[in-house]
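Please read the structure below before turning to the comments.
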Amino acid sequence: MKASWNNQIIADSNDWIELESNIYFPLTGVKQQYLVPSTTTTACPWKGIAHYYDVVVDGSTNKDAAWYYPEPKAAAENIKNYVAFWREVEVMD
């Protein structure tokens with residue numbers, strides 16, 4: 001699977017996880033240079049606290065377009081160290 005935004009591949013991996021219709025990429029498959037930590041967090045009752053990244057490509061920012069669970073609850077332990085995308089980030093195989 002690959003994720004792209006603003007004509008740039010920002011993630012690419014064969015080791016992805018699908019959960020609730022979202023594709024989670026391992027950190028090793030994500031191009032970290034395009035991620036800027038955000039202060040945004042949200043809570044999921046069974047996954048835990050999600051933290052966000054802005055996706056920045058060629059000077060354009062897609063606010064909070066990536067999220068991850070640094071300390072997921074036990075039921076979501078399999079997505080620890082994985083990142084998912086939304087907000088116009090295209091995920092394709």
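Coordinate-derived values only; no laboratory data. Here the structure is a predicted model, which means the values were calculated and not measured. We place every Cβ from the backbone using ideal geometry, glycine too, and count neighbours over all the protein chains shown.
Here are some notes:
- Using a cutoff of 8 angstrom between alpha carbon atoms and counting only pairs six or more residues apart, the relative contact order for the chain works out to 29 percent.
- Remark on the chain: hydrodynamic radius 13.1 angstrom, per the Kirkwood mean of 1/r across alpha carbon pairs.
- Using Cβ point charges alone (K and R +1, D and E -1), the dipole size of the chain about the Cα centre works out to roughly 220 debye.
- For GluC sites (Glu not before Pro), the sites in the stretch 35-93 that DSSP calls loop and that have at most 15 other Cβ atoms within 10 Å are GLU88.
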